[in-house]
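The values are calculated or read from the model by the stated rules, or taken from the named source; none is laboratory data. All of these numbers come straight from a predicted model, not from anything done at the bench. Glycine also receives a Cβ, built like all others from the backbone with ideal geometry; neighbour counts cover every protein chain displayed. Side chains included, ligands, DNA and RNA excluded: accessible areas come from the protein's heavy atoms. Shrake-Rupley method; radii C 1.70, N 1.55, O 1.52, S 1.80 Å.
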Amino acid sequence: MSLPHAILTALLEKPSSGLELTRRFDRSIGYFWSATHQQIYRELGKLEQAGHIRALPSRAPARGQKKEYEVLPAGRAELAEWVRRSEDPKPIRDALLLRLRAAAVVGTEGLEAELRRHLALHEAQLADYLGMEQRQFPPERNAEADRLRHLVLRGGIELERFWTAWLTEALAALDRTGRHSADC
């Protein structure tokens, strides 16, 4: 996925100003495709130059007034083409996994605290996602677009469940390793 496609998706869901868009990223899309506010504004300019979006005409032009953007047919076509494209999964790049591997050769000092910190972060994210699911997807909300958005959230929920289970297992393995080292 790329930032331009994330922005096109968000603008098709609801035309927005750059500021509104960055806030929406912070509340939803940013959970699985993060971007800084600077990156979003820079990409809005590129999308406008490419003819994929346009600033909506304002009722009363004023200096410093925020622009609200909408997706043009070329932007919708680009997004539809991107949805149809084939793309291989990306390999996982996670520093915590590399740290665990490094700990096997240099020792585990300080690793337990970092694993516990990560576990707490993933538990909190899981709780946030579950709360979002309850608020945003009651059983009666069953339109196709809602089902697809819910599926994205379910993917996030399952990833957080994986990380909490894996980190719990890693802490248990670390505890067994520590006891084994102490017994030697």
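Along the Cα-to-Cβ line of residue 17, 7 Å from the Cα, sits a label point; which residues in segment 40-60 have backbone N less than 17 Å from it?
40-42, 44-45, 54-60
In what sequence, highest mean first, do 23-36, 145-158 appear when ranked by Cβ atoms within 10 angstrom?
Final packing ranking: 23-36, 145-158.
Can you give the net charge of the other residues whose Cβ lies under 14 Å from the Cβ of residue 9, counting K and R as +1 and D and E as -1?
-1
Under 20 Å from a label point 7 Å along Cα→Cβ of residue 98: give me every residue in segment 105-125 with its amide N that close.
105-119
Quickly estimate the mean residue ellipticity at 222 nm for the chain, helices only: each DSSP H run with n ≥ 4 gives -39500 (n - 2.57), and the total goes over all residues, rounded to 500.
-23000 deg cm²/dmol
In nm, give the distance between the simple-model label positions of residue 58 and residue 172, each being 7 Å from the Cα along the Cα-to-Cβ direction.
Placing both labels 7 Å along Cα→Cβ, they lie 5.9 nm apart.
Looking only at segment 149-170, which residues have a backbone nitrogen under 17 Å from a spot 7 Å from the Cα of residue 136 in the C-beta direction?
149-161
How far apart, in nm, are the 7 Å Cα→Cβ label points at residue 124 and residue 81?
My value for the distance between the label points is 4.2 nm.
Within a Cβ distance under 14 Å of residue 115, other residues only, what is the Lys/Arg minus Asp/Glu net charge?
-2
Beyond 28 Å, what share of the Cα-Cα pairs of the chain remains, rounded to the nearest whole percent?
For the chain, the share of Cα pairs beyond 28 Å comes to 45 percent.
Could you look at segment 22-172 and say what percent of its accessible area is carbon and sulfur, using a 1.4 Å probe and all protein chains?
Carbon plus sulfur share of accessible area: 54 percent.
Which whole-number value in Å² is the accessible area per residue of the chain, probe 1.4 Å?
On a per-residue basis, 70 Å².
So which DSSP H runs in the chain come out at 20 Å plus along the axis (Cα) with average Kyte-Doolittle of at least -0.5?
Length and hydropathy pass: 144-183.
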